[in-house]
Structures are given as C-alpha cells and as structure tokens.
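J.: So that we are looking at the same thing, I have put the structure below in structure tokens.
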Amino acid sequence: MTRQYLVNSSLKEAVQAAARSLGGQVHLRAFTRSDLERLKQPVLVIADDSRLDLITPDVLQNMRRTSRGGMRYSPFLVFCSRKNDIPIWRHAGAIAVPAGADRATVKKAMEEALNGAKTWVTAQSYVGPCRRSHKAVLAWRNRRSSDRAEAQAKAEKAAEKRSQTELSNVRVSSLDIINRRLKLSVTLLAGSSIETRRAFRDLVVEAQASAQALRRGDLAGVIAQMRREADAFLQNSERSTAALERAIDDFSDGVARSL
C-alpha cells in the first residue's frame, strides 16, 4: 500500500512525527463518509472518534464490504475519547487507542495499521485486517504501563533506602533544642546562600532522625512537610517561608505536648 495518511486528529503533531519516521505523505484535513467512498487508492485513515462525521464502527464495516474503491482496503486508526469504545472499534477492524496516547503509542499503532493491511481479510461478514493482530498494540501498551509502574516503584524504594541511610548517619538530639534552632534558622532562610539552605535542611533531617530514635511517630507528618519545604528551598531561595513557618509551629506544638 502506498503510504498516504489522511488525518483529522488533535494528535496531528504525533502523527506527523511518526509519518516522517515511517515514510509517506500526510494529508491534514476534515473528511466525510462521501470523501472516503470516493477514494481511488487505499490510504491509512487516522482520526479522533469525535471528528468522524457519521462514521461509526458499523458504518466502517458496511463501507468496506460494499466499496469497490480504495476504501475497501484502507486501514483505520481511531483515537477513542471513551475507553469502552476501543473494543467496539477493534471488532469493526480498526486499530483503536486512547485519545491521550503518547507519541510512542501513536507510532506503534500506525505501524500496526500498516502491517495489518498486509494480512487483509475479505469475508462475507467482515472485511479488514486480521483482528488477532490488534492484540499486539494492546499488549505493547500494557507492557509500557507495567514498566513505568515498576520503574516508579523501584525509584521510590531506592529513595526510601537513601533516606534511611541518611538518617542512620545523623546524630540524635533533644527535640526541644532542635525546635529552638529551627525557629531561629527559618528567619534567616529567605534569600540566603546555598550553604545556609543546606544547613537548614540538615537540621530538618536531624529532627527527623531524632524523632524516629525517640519513637515520636506523631511528629512524622509535620517533619515530612518541613523536609519537603526545605528541599524546595534548595532550588529556590526566594520562595515564601509561610508554609515552612506553619510546619515549624506545628512541630513546636508537638514537642511541647511531650514536655
């Protein structure tokens, strides 16, 4: 099949990028059912389901079965706005993926549509690519989602391990003394040097290690908030200290309850 792409989609940039890699010519324009019925040669039709004028999965099958022109052998790639519509379009012989697909998924789907044209089925009840091949895109996308989730879990586990290692090397101090140091240090934080901001973060880490050693789990939430703010100050010394000051006040209240 000559690689011509008839495209009416909000993902046109992703489609164009994939087309440059796969080869062929992209035609960006709205089209109707009549336009498709007048096709002389097969093309890869790519569209958002919301932009398909009166073309439903049933209509797609009917057009393929009755057409004697290019439409009969034209693969379809549909970006579905509703997840439940994906299997319906696939059953009708289209490659269907979610409307929010990323560039890699768009390219893989286009490749699958082009490859499907090589194994075209023409039966009385169905005309289109072999539907078993549709499972490849779904399985590939599921693998990507699984890989991302696994990578995120590994990153979180590594971060937790680094955090625990860092805490194990920090001295344990009186929470009352740390509280007074925090209240003084926060007044010097805005617009400070990177050394000052690092020293403040180290003080928050000391508070976290000390609270753990003293079994003060009730302070874990507020210390976590202080640590997020301290980390943010490492990147931007001009940010407001309001949230950090509130967290330190909460920390002070928690420390006072044990005195």
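The values are calculated or read from the model by the stated rules, or taken from the named source; none is laboratory data. As the structure is a prediction and not an experimental result, all values here were calculated from the model. Using ideal geometry, Cβ is built from the backbone for each residue, glycine included, and neighbour counts are taken over all protein chains shown. With ligands, DNA and RNA removed, areas are computed over all heavy atoms of the protein, side chains included. Shrake-Rupley method; radii C 1.70, N 1.55, O 1.52, S 1.80 Å.
J.: Which whole number of Å³ per residue matches the convex hull of the alpha-carbon atoms in region 33-75?
T.: Values: hull volume 2.7 nm³, N = 43.
Residue-normalised Cα hull volume stands at 63 Å³.
J.: In debye, nearest 20, what is the charge dipole magnitude of region 211-250 about its Cα centre with +1 on Lys and Arg Cβ and -1 on Asp and Glu Cβ, if you could check?
T.: Details: 6 positive and 7 negative charges, 39 e Å.
Once rounded to the nearest 20, the dipole reads 180 debye.
J.: With every protein chain left in place, what is the accessible area per residue of region 23-95 in square angstrom, probe 1.4 Å?
T.: Details: 3710 Å² over 73 residues.
With all protein chains present, region 23-95 gives 51 Å² per residue.
J.: Taking only the alpha-carbon atoms of region 2-67, what semi-axes of the equivalent ellipsoid follow from 5 times the gyration tensor eigenvalues under a square root, in whole Å, largest first?
T.: Values: eigenvalues 89, 40, 17 Å².
Sorted largest first and rounded, they come to 21, 14, 9 Å.
J.: What's the carbon and sulfur percent of region 30-116's accessible surface, probe 1.4 angstrom, rounded to a whole number? It would help to have the intermediate numbers written out before the result.
T.: Values: 1940 of 3950 Å².
Accessible surface attributable to carbon and sulfur in region 30-116 totals 49 percent.
J.: Per 0.36 nm of contour for each residue apart, how much would the distance between Arg51 and Glu238 grow if the chain were fully extended, relative to their Cα-Cα spacing?
T.: Details: separation 187, 0.36 × 187 = 67.32 nm, distance 4.69 nm.
The Arg51-Glu238 span can extend by a further 62.6 nm.
J.: By how many nm would the segment from Asp202 to Asp35 lengthen if fully extended, with 0.36 nm per residue of separation less the alpha-carbon distance? Mind showing how you got there, number by number?
T.: Values: separation 167, 0.36 × 167 = 60.12 nm, distance 6.74 nm.
Taking 0.36 nm per residue and subtracting the Cα distance, the gain is 53.4 nm.
J.: If you don't mind, another one. If you bin every alpha carbon distance in region 193-250 into 10 Å steps from zero, what whole percent lands in each bin?
T.: The calculated distribution, bin by bin, is 25, 54, 19, 2.
J.: Expected output is a single nm value to one decimal: the length gained when fully extending between Arg257 and Asp102, i.e. 0.36 nm times separation in residues minus the C-alpha distance. What is it?
T.: Details: separation 155, 0.36 × 155 = 55.80 nm, distance 5.14 nm.
The span from Arg257 to Asp102 would gain 50.7 nm if fully extended.
J.: Report Rg(Cα)/(2.2 N^0.38 Å) for region 1-115, keeping two decimals. Can you show the working numbers first?
T.: Details: Rg = 12.7 Å, N = 115, 2.2 N^0.38 = 13.4 Å.
Compactness ratio reported: 0.95.
J.: If a paramagnetic tag sat 7 Å from the Cα of Glu111 along the Cα-Cβ line, which residues of region 1-39 would have the backbone N under 11 Å from that point?
T.: 22
J.: Got a sec? Which residues in region 201-230 would a label at Ser193 touch, if it sits 7 Å along Cα→Cβ and we count backbone N under 15 Å?
T.: none
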